[in-house]
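The values are calculated or read from the model by the stated rules, or taken from the named source; none is laboratory data. Keep in mind it's a predicted model, so treat the numbers as computed, not measured. Cβ placement follows ideal geometry from the backbone for every residue including glycine, while neighbour counts extend to all protein chains displayed. For the accessible areas, the whole protein counts, side chains as well, though only heavy atoms, and no ligand, DNA or RNA atoms are used. Shrake-Rupley method; radii C 1.70, N 1.55, O 1.52, S 1.80 Å.
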Amino acid sequence: MTSNKDFVFGRHAGLDYLKTQNADKINKVFLQHGIQEDFANQVYALSKKKRLVVQSVPKNKLDRLVDGGNHQGLVLAISSFDYADLGKMLDKFDEDGKEPFLLMLDSIEDPHNLGSILRTADATGVDGVIIPKRHATGLTSVVAKTSTGAIDYVPVARVNNLVQTTKELKKRGYWFFGTDMAGVDYREWNAKGKTVLIIGNEGKGIAPLLKKQMDQTITLPMIGHVQSLNASVATGVLLYQAYNSRHPLK
C-alpha cells in the first residue's frame, strides 16, 4: 500500500480524481496562488460538491509536496489506494458467467510504466490487473497521475506469489499467454475465453518459473535496429490485439 498521505497532482489527473467516486479519499486540495481563473473555478466547483477544503498556496509549497514534480498548480492530498481482492473478483466473474481478460505484471518497477499500462488496460476493457507484493511498484501518486484517472476504473490485486496464483487460476479454467522472442507472432494470437496475459519485468522479462506456466508464448516482430520495446508500449500493442480478437469487426 502507499503511505497514509500520498498525492495526486497535475491538472488532468487531479480533475479526473475529483470527479470519481473515490474523491472521498481526498484529505485536502492544494491550489496554486494566481492560477488561471477558469481552471481554479473548476477546482472550487468540484471541491464544493464533495465538501472538500481548498487551500490556496504558493508554488514553492506545491513543489515541495511533490518533490519537484510537474503539478501544474494542483495537488490533492489523499489516503492510500485500495487494492482489489482477487478471490472476490474471480468469484464475481464466475457468478456473472463472464470470460474475463486479465493482465498479470511480473515485477514492473517503474511507476510510469504501470500508470501507462493501466491507462491502456482501461481503454481496452481489461477486467483486472494482478501484481506481486514484492519487487514491484504499487499504486502510488505517480501511477495515478500517469494513468490519467484509469487507476480508479481498473481493479488491481496484489498477491504474494505469481506462480501460485497462476496455478490457482488454471484450476478455474484460465489460459496463460506470455511474451517471448521465440513465441508465436502476436497477430495470430486469439485471446478469447478466460485469458491472462503476462508482461515481464522491464529488464529481465518473465521469471523462468512463471514462464513455465505459460500455455503459449507470443512475440512482437521487430525489423528495426533496436530489438526491444518499452514495457508499456509492448503491453499496449498486445492489449489491442487481444481486443481485436475478442471484439472483431463484423
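Looking at this structure, is Gln55 at pLDDT 85 or above, open to solvent by less than 90 Å² (accessible area, probe 1.4 Å) and under 19 Å from Gly115 (Cα atoms)?
no
Report whether or not Val43 is β-branched (Val, Ile, Thr), crowded, with 20+ Cβ neighbours inside 10 Å, over 20 Å from the mean Cα position of the chain (by Cα) and closer than 16 Å to Phe9 by Cβ.
Yes.
Take residues that are surrounded by fewer than 17 Cβ atoms within 10 Å (Cβ to Cβ), small (Gly, Ala, Ser) and more than 20 Å from the chain's Cα centre (by Cα) and tell me which of the strands (runs of 3 or more DSSP E) falling wholly in the stretch 158-230 contain 1 or more.
Output list reads 175-185.
Across the stretch 97-135, what is the number of residues that are among the hydrophobic types (A, V, I, L, M, F, W, C) and either surrounded by fewer than 18 Cβ atoms within 10 Å (Cβ to Cβ) or assigned to a helix (DSSP H, G or I) (or both)?
5
Residues that are of a type in the set (A, V, I, L, M): list the helices (runs of 4 or more DSSP H) wholly contained in the stretch 1-81 that include at least 3 such residues.
Correct list: 11-19, 37-49.
Which residue pairs have Cβ atoms under 7 Å apart, sit 6 or more places apart or on different chains, and have a first residue in the stretch 65-78 that is open to solvent by less than 20 Å² (accessible area, probe 1.4 Å) and a second that is assigned to a loop (DSSP other than H, G, I, E, B)?
His71/Gly10; Gly73/Ile35; Leu74/Gly10; Val75/Val66; Ala77/Lys5
Could you list, in sequence order, all residues of the stretch 239-250 that are aliphatic (A, V, I, L, M) and either closer than 19 Å to Glu109 by Cβ or at pLDDT below 95 (or both)?
Result: Leu249, single match.
Need the failing condition index for Lys25 against (1) open to solvent by less than 20 Å² (accessible area, probe 1.4 Å); (2) under 20 Å from the mean Cα position of the chain (by Cα), just the number.
The single condition Lys25 does not satisfy is (1).
When only residues in the stretch 238-250 that are surrounded by 14 or more Cβ atoms within 10 Å (Cβ to Cβ) and of a type in the set (A, V, I, L, M, F, W, C) count, which is farthest from Glu188 (Cα to Cα)?
Leu239
Please verify whether Ser107 is assigned by the TED database to the domain that holds Asn161, in contact with a Ser or Thr (Cβ under 8 Å, 6 or more places away or on another chain) and of a type outside the set (Asp, Glu), treating the condition exactly as stated.
When the stated conditions are applied, Ser107 does not pass them.
Please tell me if Val233 is in a helix (DSSP H, G or I), under 19 Å from Val126 (Cβ atoms) and open to solvent by 20 Å² or more (accessible area, probe 1.4 Å).
yes
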